[in-house]
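Inspection log for the structure reproduced underneath, given as structure tokens.
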Amino acid sequence: MTLLSENSLLLLSMNCIKLTLLSTLILLISNSVQAQQPAQYSMFMLNKYQYNNAYNGLDESLSLTGVFRKQWVGLSGAPLNVNFNAHLPIEYISSGVGLGFEYDVIGAYKNLSVRASYSYILDFGKSGKLSLGVAGRFLQKNLDGTKLLTPDGDYESGINHNDPIVPVANESGTSFSFDAAAYYKHKFFELGIAAINLTQPTLQFATDAQVRYNRAYFLNASGTIKLNDKFDLLPSFLLKTDFVKFQPELALLLKWNDTVFGGVAYRGYDVLSTDAFVFIAGMQITPNLLLAYSYDLSIGSLNSYNSGSHEVVLNYNLNKKIGKEIPSKIIFNPRFL
């Protein structure tokens, strides 16, 4: 049985792009996707649960977040991502629970991930909160073999890849994975660390092809710097790695009156190269509803083949307690006359 990594199948799926772009894409991204099996999002600072399931409940109430992202507009086979998650605290057992849904399309791939998570929250009062979380993840992948081209394939009279492990029609497979994370939240700063695909599950197609989900690790940090009564400076950092490649992201937002915010972000392919500059704008429309938009400006050779990336984030926070804490025990003291 021949074992294909997800990166190899991803590279095959990109063959559906014009041949003039293929060699450019291989040079630009083949070395970077090894540490980037998770989908890419630019406004990571507004969707912390996406990269760290221990963030369960740390929004202090029911929190619902939806994300839509269209990457590399104008480039055939470019990623399209839809993400939704919901989480809330369960205070009387010092816990949080969450549910995440993600669907993305890239090249010949369609990917579905459904995650359920639990975290135990330690409350240190004025010193902040520490959350320890675990999650189980259902994974489904669909591969459309009609969109693939192989170097030795024959496509003049039909689809013949001349490769037994490359499908000629739609195929799908499922698998399960486990994640673990920790998140510390203070009034002025936050720090999180997470690992996904701890068991490195393998997804099996009907052919002999398999896809292995590699472990990936995330380190995030953010802070709040109060400039005056009206303005806050919000720096954020995210590092994604498999300990082979390291992809850093930096962001700096300026928020006015806890309502309107905007800023810029930077993302590298790795620590030595640049992927994109990101421009972010958003608004707290109501005390419950936040809306934000970002535009990625691609840097380097890939910039010639796309018109940027667009992302929208919508968050709803109930901003009220759900249920009540367990009441104190009542001690009955009957009196007899």
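Checking the cross-link filter: which aspartates and glutamates have an alpha carbon closer than 18 Å to that of Lys320, excluding same-chain neighbours under 8 positions apart?
Qualifying aspartates and glutamates at Cα under 18 Å: Asp59, Glu60, Glu91.
Would you please give the FRET efficiency between Thr274 and Tyr92, computed as 1/(1 + (r/R0)^6) with r the Cβ-Cβ distance and R0 = 56 Å, to the nearest 0.05?
0.70
Among rounded, prolate and oblate, which fits segment 276-322 when a ≥ b ≥ c are the square roots of the eigenvalues of its C-alpha gyration tensor, a/c under 1.5 means rounded, and a/b larger than b/c means prolate?
Since a/c reaches 1.5 and a/b is larger than b/c, the shape of segment 276-322 is classed as prolate.
Using packing as a proxy for protection, rank 193-199, 180-186, 46-52, 121-127 so that the peptide with the highest average count of other Cβ atoms within 10 Å comes first.
On the way: 193-199: 18.0, 180-186: 19.7, 46-52: 24.0, 121-127: 10.9.
Top to bottom by mean Cβ count within 10 Å: 46-52, 180-186, 193-199, 121-127.
Could you give the length gained by full extension between Ser307 and Leu80, i.e. 0.36 nm per residue of separation minus their alpha carbon distance, to one decimal place?
Stretched out fully, the Ser307 to Leu80 stretch lengthens by 80.3 nm.
About the Cα centre of segment 234-304, how large is the charge dipole given +1 on each Lys and Arg Cβ and -1 on each Asp and Glu Cβ? Please answer in debye to the nearest 20. Write out the running numbers ahead of the final one.
Numbers: 4 positive and 6 negative charges, 14 e Å.
Here the size comes out at about 60 debye.
Students often get this wrong, so check it: of Lys187/Lys255; Lys48/Lys185; Lys48/Lys141; Lys230/Lys255, which have C-alpha atoms separated by over 19 Å?
Checking Cα-Cα distances, Lys48/Lys141 exceed 19 Å.
Checking the cross-link filter: which aspartates and glutamates have an alpha carbon closer than 12 Å to that of Lys240, excluding same-chain neighbours under 8 positions apart?
Glu249, Asp270
Between the DSSP loop rule and a limit of at most 13 other Cβ atoms within 10 Å, which chymotrypsin sites (Phe, Trp or Tyr not before Pro) in segment 223-317 are left?
Sites meeting the loop and neighbour criteria: Phe243.
I need the peptides 97-110, 150-163 ranked by packing, meaning the mean over residues of other C-beta atoms within 10 angstrom, with the highest value on top.
97-110, 150-163
Summing Lys, Arg as +1 and Asp, Glu as -1, what charge do residues with Cβ under 9 Å from the Cβ of Ala216 carry, Ala216 excluded?
+1
Once you list every other residue whose beta carbon is under 9 Å from the beta carbon of Lys129, what net charge do they have if Lys and Arg are +1 and Asp and Glu are -1?
On the way: positive: Lys185; negative: Asp123.
Charge balance in the 9 Å sphere: 0.
Under 13 Å from the Cα of Lys70, which aspartates and glutamates turn up, not counting those fewer than eight places away in the same chain?
Asp104, Asp296, Glu311
Given Cβ point charges of +1 (Lys, Arg) and -1 (Asp, Glu) and nothing else, what value in debye, to the nearest 20, does the dipole of segment 121-251 about its Cα centre take?
My answer is approximately 980 debye.
Express in whole angstrom the spacing between the alpha-carbon centres of segment 54-121 and segment 208-234.
Centre-to-centre (Cα) distance: 14 Å.
Show me, for segment 274-284, the HN-Hα J-couplings you get by feeding each phi into the Karplus relation (A = 6.51, B = -1.76, C = 1.60, θ = phi - 60°), rounded to Hz, glycine and proline as x.
10, 9, 7, 9, 10, 10, 10, 9, x, 8, 7
Taken together, the values in this text are just the output of simple stated rules run on the coordinates, not laboratory data. Quantities reported herein were computed from a predicted structural model and do not represent experimental measurements. Note: ideal-geometry Cβ built from the backbone for every residue, glycine included; neighbour counts use all protein chains shown.
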